[in-house]
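Engineer: What follows is a structure written as structure tokens; I'll ask about it next.
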Amino acid sequence: MRIAIDARIAHYTSAGIGQYAVHLAQALARLDQANQYVLLQSRKDQRTLVDEPHVQRQGLWTPSHHRWEQGALAVEFRFRPTLRRLKIDLLHSTDFIPPLHLRGFKSVITVHDLAFLRWPHFLTEESARYYGQVEGAVERADHIIAVSESTQNDLVKLLGAPADKITVVYEAADPLYRPMARAEALAALRGKYPLPDEFILFVSTIEPRKNIVTLLHAYRRLLDAYKLDVGLVLAGATGWLSDQIFETVEQLDLQRHATFLGRVPNGDLACLYNLARCLAHPALYEGFGLTPLEAMACGTPVVVSNVSSLPEVVGDAALLIDPNSPEELAVALQRVLTDETLSASLRAKGLARARTFSWERTAEETLAVYRRTFNQGGDAP
């Protein structure tokens with residue numbers, strides 16, 4: 001087979017789906033020497049993301065996350081001679097948008113979540129137009145990879161996708177997320193960020209569905225009711241509809257206690273996980289929940305919501321809370337911060353749980369999807 005992997009998103013973000021596309025392509029290239037791979041990148045992205053003789057790079061003009069993306073991809077695949085000469089057998093759209101008209105090759109898409117259908121009021125008008133392409137993408141694809149059973153269930157319930165058209169393939173954490181000595185982590189971050197000595201860590205985009213307002217109320221309760229001397233550090237880029245979050249910081253008088261770092265490079269983020277007393281992740285919805293997995297891989301105790309994919313990812317290695325209850329979140333954080341036996345148990349369980357996820361396993365299961373999908377209309381190597 002000649003397999004094309006759409007990794008354009010990696011030019012725009014090194015986190016989330018961008019990270020997924022790159023790690024998957026690298027793992028597939030290591031695993032599978034029998035097939036040929038084409039890595040589709042933004043024409044602006046001149047990096048060599050995978051350096052293997054059986055992997056070639058091809059630039060695309062169509063930008064990622066554009067409301068006309070599926071139509072523009074269709075035009076590019078149909079009329080650009082360089083793309084036609086590739087003779088692709090299968091296209092994997094890692095960010096769920098395949099060309100509008102599929103000609104001459106099989107299509108596999110990855111759907112990471114359907115948050116935009118579960119929580120449409122959290123979308124801007126522009127983002128709503130973009131995500132409106134998902135229904136057609138799901139219908140056109142020959143096969144769908146869902147990153148969790150929760151996302152698979154949403155695909156069936158919300159979009160009517162046939163269950164036998166979906167395969168669950170879990171993601172994994174970057175190997176750089178590992179336990180570190182405190183001195184090593186401190187030395188790596190020295191002078192970069194205004195960090196308190198002890199802190200709770202939140203990692204994700206600063207936007208409503210991450211439920212940061214509830215976290216802020218729970219944190220205020222920790223300070224007032226439990227008298228704990230611990231900071232709150234929030235690492236992540238500011239997303240859409242975030243005004244209420246910053247207004248809540250002021251309303252709760254948390255300006256001196258809550259530290260917003262903005263987007264943090266992965267290497268620094270690994271150090272932050274290792275320095276944090278615990279990770280708080282009270283999201284209202286996650287398609288997979290990569291942040292808790294990264295924290296567990298570092299040996300950081302985790303407190304997460306008991307909704308969507310999060311229980312599926314953390315198993316019994318984290319404390320689960322109702323994301324609609326600031327009081328329940330505050331109690332769970334207080335327990336982790338004051339009970340060393342519990343904290344040590346969560347560290348050990350988290351490390352063991354994180355080891356059950358790997359990019360090698362993700363690549364093996366994804367390659368199996370490619371072969372089954374290709375065999376629907378021909379013989380795969």
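The values are calculated or read from the model by the stated rules, or taken from the named source; none is laboratory data. Keep in mind that what you see is a predicted model, and the values were worked out from it rather than measured. We place every Cβ from the backbone using ideal geometry, glycine too, and count neighbours over all the protein chains shown.
Engineer: Confirm whether Thr300 is in contact with a Lys or Arg (Cβ under 9 Å, 6 or more places away or on another chain), outside any helix (DSSP H, G or I) and of a type outside the set (Lys, Arg).
Structural biologist: yes
Engineer: With (1) of a type in the set (Asp, Glu); (2) modelled with pLDDT of 95 or more; (3) farther than 19 Å from Leu290 by Cβ; (4) within 21 Å of the chain's Cα centre (by Cα) as the list, and Glu135 as the residue in question, which single condition is left unmet?
Structural biologist: Status for Glu135: all satisfied but (2).
Engineer: Can you tell me which residue is surrounded by the most Cβ atoms within 10 Å (Cβ to Cβ) among those in the stretch 100-136 that are of a type in the set (Ser, Thr, Tyr) and within 12 Å of Asp6 (Cβ to Cβ)?
Structural biologist: Thr110
Engineer: Residue check, Val369 against (1) β-branched (Val, Ile, Thr); (2) in the same structural domain as Thr167 (by TED's automatic domain parsing); (3) under 29 Å from Glu207 (Cβ atoms), all met but one. Which one?
Structural biologist: Failing condition for Val369: (3).
Engineer: Would you mind telling me which numbered condition in (1) part of a helix (DSSP H, G or I); (2) surrounded by fewer than 18 Cβ atoms within 10 Å (Cβ to Cβ) Thr248 fails?
Structural biologist: Going through (1) part of a helix (DSSP H, G or I); (2) surrounded by fewer than 18 Cβ atoms within 10 Å (Cβ to Cβ) one by one, Thr248 breaks only (2).
Engineer: Inspect the stretch 75-86 for any residue being free of Cβ contacts under 8 Å to residues at least 40 places away in the same chain, assigned by TED's automatic domain parsing to the domain that holds Tyr20, part of a helix (DSSP H, G or I) and touching a Ser or Thr at 6+ places or on another chain (Cβ under 7 Å) and give the result as yes or no.
Structural biologist: The answer is yes; a qualifying residue exists.
Engineer: Please find, within the stretch 146-194, the residue that is farthest from Asp268 (Cα to Cα) out of those that are among the basic types (Lys, Arg) and surrounded by 12 or more Cβ atoms within 10 Å (Cβ to Cβ).
Structural biologist: Lys165
Engineer: Something else about it: Could you list, in sequence order, the residues of the stretch 58-74 that are within 23 Å of Thr124 (Cβ to Cβ) and outside any helix (DSSP H, G or I)?
Structural biologist: Thr62, Pro63, Ser64, His65, His66, Arg67, Trp68
Engineer: Please tell me if Ile97 is surrounded by 20 or more Cβ atoms within 10 Å (Cβ to Cβ) and in a strand (DSSP E or B).
Structural biologist: Here the answer is no, as Ile97 does not meet what is asked.
Engineer: With Arg209, Arg221 as the choices, which residue is outside any strand (DSSP E or B), assigned by TED's automatic domain parsing to the domain that holds Leu290 and within 20 Å of the chain's Cα centre (by Cα)?
Structural biologist: Exactly one residue qualifies, and that residue is Arg209.
Engineer: Checking Thr238 against (1) buried (at least 21 other Cβ atoms within 10 Å of the Cβ); (2) touching a Gly at 6+ places or on another chain (Cβ under 9 Å); (3) over 23 Å from Gln334 (Cα atoms), which single condition isn't satisfied?
Structural biologist: Here Thr238 clears every test but (1).
Engineer: Looking only at the stretch 195-206, how many residues end up being buried (at least 16 other Cβ atoms within 10 Å of the Cβ) and over 20 Å from the mean Cα position of the chain (by Cα)?
Structural biologist: 3
Engineer: Being under 19 Å from Ser93 (Cα atoms) and out of contact with any helix residue (DSSP H, G or I) (no Cβ under 7 Å at 6 or more places or on another chain): is that true of Ala146 here?
Structural biologist: no
Engineer: Could you figure out which of (1) touching a Lys or Arg at 6+ places or on another chain (Cβ under 7 Å); (2) in the same structural domain as Ala283 (by TED's automatic domain parsing) isn't true of Leu189?
Structural biologist: Leu189 satisfies all of (1) touching a Lys or Arg at 6+ places or on another chain (Cβ under 7 Å); (2) in the same structural domain as Ala283 (by TED's automatic domain parsing) except (1).
Engineer: Hey, can you tell me all the residues within the stretch 265-297 that are part of a loop (DSSP other than H, G, I, E, B), in contact with a Phe, Trp or Tyr (Cβ under 9 Å, 6 or more places away or on another chain) and not small (Gly, Ala, Ser)?
Structural biologist: Passing the criteria: Arg277, Pro282, Leu284, Tyr285, Phe288.
Engineer: Shifting gears a bit: Only one of Leu337, Leu346, Leu293 is assigned by TED's automatic domain parsing to the domain that holds Ile212, within 30 Å of His121 (Cβ to Cβ) and not aromatic (Phe, Trp, Tyr); which?
Structural biologist: Answer to the check: Leu293.
Engineer: Sort through Asp32, Asp6 and tell me the only one that's over 26 Å from Pro292 (Cβ atoms), within 21 Å of the chain's Cα centre (by Cα), in contact (Cβ under 8 Å) with a residue 60 or more places away in the chain and buried (at least 18 other Cβ atoms within 10 Å of the Cβ).
Structural biologist: So the residue among Asp32, Asp6 that is over 26 Å from Pro292 (Cβ atoms), within 21 Å of the chain's Cα centre (by Cα), in contact (Cβ under 8 Å) with a residue 60 or more places away in the chain and buried (at least 18 other Cβ atoms within 10 Å of the Cβ) is Asp6.
Engineer: Looking only at the stretch 1-56, which residues are among the aliphatic types (A, V, I, L, M), modelled with pLDDT of 95 or more and part of a loop (DSSP other than H, G, I, E, B)?
Structural biologist: Met1, Ala7, Ala34, Leu49, Val50
Engineer: Are any of the residues in the stretch 167-177 more than 24 Å from the chain's Cα centre (by Cα) and on the phi < 0 side of the Ramachandran plot?
Structural biologist: No.
Engineer: Quick one: in the stretch 326-341, of everything that is touching a residue at least 40 places away in the same chain (Cβ under 8 Å) and surrounded by fewer than 17 Cβ atoms within 10 Å (Cβ to Cβ), which residue is nearest to Gly287 (Cα to Cα)?
Structural biologist: Here the residue is Glu327.
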